[in-house]
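Please read the structure below before turning to the comments.
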Amino acid sequence: NAGVTQTPKFRILKIGQSMTLQCTQDMNHNYMYWYRQDPGMGLKLIYYSVGAGITDKGEVPNGYNVSRSTTEDFPLRLELAAPSQTSVYFCASSYGGTGGYEQYFGPGTRLTVT
Amino acid sequence: DAKTTQPPSMDCAEGRAANLPCNHSTISGNEYVYWYRQIHSQGPQYIIHGLKNNETNEMASLIITEDRKSSTLILPHATLRDTAVYYCIVTGAGSYQLTFGKGTKLSVIP
């Protein structure tokens, strides 16, 4: 199994541009998550999904959108990029919620907005 | 979710046991203790979790005090590859979110 894969690895955006960060998992997990990590800080949850067609906001959802049309894919959309969105983005998946199930993380996408 | 307190940094000699403490004095009865680590800028890696009992797997052991207000992650024979930031996270069964603090930066020294 490849686990959780993310593309691209790196990206530089200009202010106001848009992009989609891709995330795919091959473990047939129902739950998927997007986190961001600013320098020297812990991860913060942006959005999560408990199954295809179901998404919900996390701690820091402003400026982002998600969709979940399949079990495998959970893309994160940035509209009108701002310098405050410069961060490392991690996608994760799990079989169940945090009540006893571990989350598997992808390698991350490093995004710079200038 | 209960808040956790960890020391910001620790050193450990290579080959020795690394004992990483975590305080979670406000933990409630249905909340789990999770440990993850992050090596350099990679994605976090799951290590172990527990509810009430001590747990052991191929990577580490988790010791939870009887009152559940603190726990210790033990890496039995630390190697240089164990140098990482270690996160102790307390979360309930009804939550989807892992709340990452700043963790403990463990440096394994040759």
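Here's how it looks for A:LEU43: its modeled amide H is under 5 Å from those of B:PHE100, which are all 5 or more places away or on a different chain. Structure remark: mean-square fluctuation, Gaussian network model of chain A, C-alpha springs under 10 Å; the largest value among A:SER18, A:SER93, A:SER67 belongs to A:SER18. Per-residue SASA remark: A:MET27, around 50 Å² accessible (1.4 Å probe; ligands, DNA and RNA not included).
Computed 3J(HN,Hα) for the stretch B:93-110, one whole-Hz value per residue from the Karplus formula 6.51 cos²θ - 1.76 cosθ + 1.60 where θ = phi - 60°, is 5, x, 9, 9, 9, 9, 9, 8, x, 8, x, 10, 7, 8, 10, 9, 9, x, glycine and proline marked x. Evaluated at q = 0.27, 0.29 Å⁻¹, a Debye calculation over the C-alpha positions of the stretch A:1-48 (equal weights, vacuum) places log10 I(q)/I(0) at -1.21, -1.22. Per residue of peptide B:39-49, the mean number of Cβ atoms on other chains within 10 Å of the residue Cβ is 5. Inter-chain neighbour count for A:103-112: the average number of beta-carbon atoms from partner chains within 10 Å of each residue's beta-carbon is 3. With R₀ fixed at 35 Å, the C-beta to C-beta distance from B:HIS40 to B:THR65 puts the FRET efficiency at about 0.65. Accessible area ranking (1.4 Å probe, heavy atoms, ligands and nucleic acids excluded), largest first, for A:GLU79, A:GLU102, B:GLU58: B:GLU58, A:GLU79, A:GLU102.
Heavy-atom accessible area buried between chains A and B is around 1700 Å² (1.4 Å probe, both sides summed).
Starting from a Cα-only point model with no solvent, please compute log10 I(q)/I(0) by Debye for chain B at q = 0.21, 0.23 1/Å. Each listed q corresponds, in turn, to -1.12, -1.32. Within the assembled protein chains, the solvent-accessible surface assigned to B:TYR86 is about 0 Å², based on a 1.4 Å probe.
The values are calculated or read from the model by the stated rules, or taken from the named source; none is laboratory data. This structure is a prediction, so every number in the text was calculated from the model and none was measured. Neighbour counts are summed over all protein chains in view; Cβ atoms, including those assigned to glycine, are modelled from backbone coordinates with ideal geometry. With ligands, DNA and RNA removed, areas are computed over all heavy atoms of the protein, side chains included. Shrake-Rupley method; radii C 1.70, N 1.55, O 1.52, S 1.80 Å.
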